[in-house]
Every structure is written in structure tokens, then in C-alpha cells.
1. Give me, ordered by chain and number, the residues 5 or more places off residue 37 or on other chains with an amide H under 5 Å from its own placed amide H.
2. Residue by residue, what Karplus-based ³J(HN,Hα) values in Hz, rounded to whole numbers, does segment 144-156 have, using 6.51, -1.76 and 1.60 with θ = phi - 60° and x for Gly and Pro?
3. Give me the three principal axis extents of segment 1-105 from the C-alpha atoms, as integers in angstrom, largest value leading.
4. Report the charge-dipole magnitude of segment 111-211 in Debye, nearest 20, computed about the Cα centre from +1 at each Lys and Arg Cβ and -1 at each Asp and Glu Cβ.
5. Can you give me the long-range amide H partners of residue 142? Hydrogens built in the peptide plane at 1.01 Å from N, cutoff under 5 Å, separation of 5 or more residues or another chain.
6. Please state the relative contact order of segment 11-112 as a whole percent: Cα pairs under 8 Å, 6+ residues apart?
7. With each run of n ≥ 4 DSSP H residues scored as -39500 (n - 2.57), what mean residue ellipticity at 222 nm is computed for the chain after dividing by its residue count and rounding to the nearest 500 deg cm²/dmol?
8. In whole Hz, what ³J(HN,Hα) sequence does segment 56-69 give by Karplus (6.51, -1.76, 1.60; θ = phi - 60°), x for Gly and Pro?
Amino acid sequence: MTKLAVLISGNGSNLQAIIDAIRVRALPAEIAVVISNRRDAFGLERAAKAGIPTRYFPLKQYTGEGRSREAYDADLAALVKEYSPNWVVLAGWMHILSDAFLRHYPYRVVNLHPALPGKFPGAHAIDEAFAAYQRGEIKGTGCMVHLVPDEAVDAGPVIGTADVPIYPRDTLEQLSQRMHQAEHSLLVQSLNRLMVGDEDVDDDLGDDLDE
Ligand code: GRF
């Protein structure tokens, strides 16, 4: 069974989408651990309610002691490793991972971002798309799931995208809600796609062994 480590910082509605998909067998995986860098992240409650192990791992402790982000990232990788996940899923994880983490999971870290590839990187993608629409610069937006091979923010090989329309009378809140709904299905669909890819690799290895 494919094991996921899900990293969150907040509400965890995307984590919930994964939990729900697993429950109805729409995703052949298990969540081995949910890690949050914020103590009050509601996603921790969602995980606990689903019986999933949770860990709170704050950066504050490191910066408070004058230790580097790299030290934090290396220890975070060690923490994740305790759960032996096949994939590390960043579902609203508001911390940029350095190579000190990423080198332990080459092409195994998956990020969800509420904008299309190359558009609006960073923490305010929905607000920025909404403002760009008001200025007549874009007609719509979208979301993407991509691999995180390096420290580039919200960039990397794209697994899936979904278009999200913006309508003239939209409020920012309406657009945000529409975006989150699109993200929930895209994330589950993209994780499924990655797992099918893993099966293909397993099959190929099997073929080699048979020869
Ligand atoms: C999502 O919009 C995600 O793309 C962004 O942060 C938000 C997290 O939402 N990186 P939630 O915590 O999963 O509800």
C-alpha cells in the first residue's frame, strides 16, 4: 500500500480530500503521518479524528536558538523518514523546503498550488489572480499539482492542472471557494496518477527480473 506523509500548515481541507478519497477507496493509499509546522492548524484535528498519527514540528524552535532553516529541514526529513512514506505531499504547507530536505526525497515531493504553471507563485496566488482579472489582464485562473525537485517556489514537473473560471460578479471569497473545490479533486486525481506511475515502474522491474 502506498504510504503518504502529508505536510500542512492550516485548515487542511486538501488533507480532508485525501482522507475522504482513501475512505471511499478512490485512492489506494494510506496516510502514515500528518505533520504541521503550526500548532493551531485545524488539519491536525482532522487527522486525529481520522485516527492518523500527527506531529507538530515548528521552525520557531530552531530560529529561536539561532539554528538554520537547513538544520530544521534536515531534521524534518529525519522525522518524515520515521514513517517511510512513498510520497511527501505538501497540502497547504507554508514553508519553502531547502535541499537539506529535498535531497532525501528526490522527485518524491508533491506540491499543490492555486495557480497555473508559471503564474502567481507564492502565498497570495488567489488574491493576485483576482486582482489581475479586475485589471483585465487574465480571463481565468487554475490550480496545479507538481513535483518539487528543487528550491524553486511553486515550480517543477507538472502532474496535473485544472482551470478555474473567474466570473465578472465574483467576490474574492467566491473565487477562493471555487479554487479550493478544484484543488480537492485535482490533488486526489494527481496522486492517483502518480501511484499508477509507480505500478508501471514496478511492472517494468518485474519484467526485467523475469528475463
Ligand atoms: C491551498 O489553496 C493550497 O493550494 C495552498 O494553501 C491552501 C491550503 O488549503 N498552498 P487547505 O489547508 O488544504 O484547506
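1. Under 5 Å from the amide H of residue 37 lie the amide H atoms of 8, 57, each far enough along the sequence or on another chain.
2. Values, residue by residue: 8, 10, 9, 7, 10, x, 8, 7, 4, 7, 6, 8, x Hz.
3. 45, 27, 19
4. Dipole magnitude for segment 111-211 comes out near 1280 debye.
5. 116, 164
6. Relative contact order of segment 11-112: 24 percent.
7. -13500 deg cm²/dmol
8. 9, 9, x, 6, 2, 4, 6, 5, x, 9, x, 8, 7, 4
The values are calculated or read from the model by the stated rules, or taken from the named source; none is laboratory data. Quick caveat: nothing in here was measured; it's all calculated off a predicted structure. Note that each Cβ is placed from the backbone with ideal geometry, even for glycine, and that neighbours are counted across all protein chains shown. In case anyone asks, the SASA skips ligands and DNA or RNA and just uses the protein heavy atoms, side chains included. Shrake-Rupley method; radii C 1.70, N 1.55, O 1.52, S 1.80 Å.
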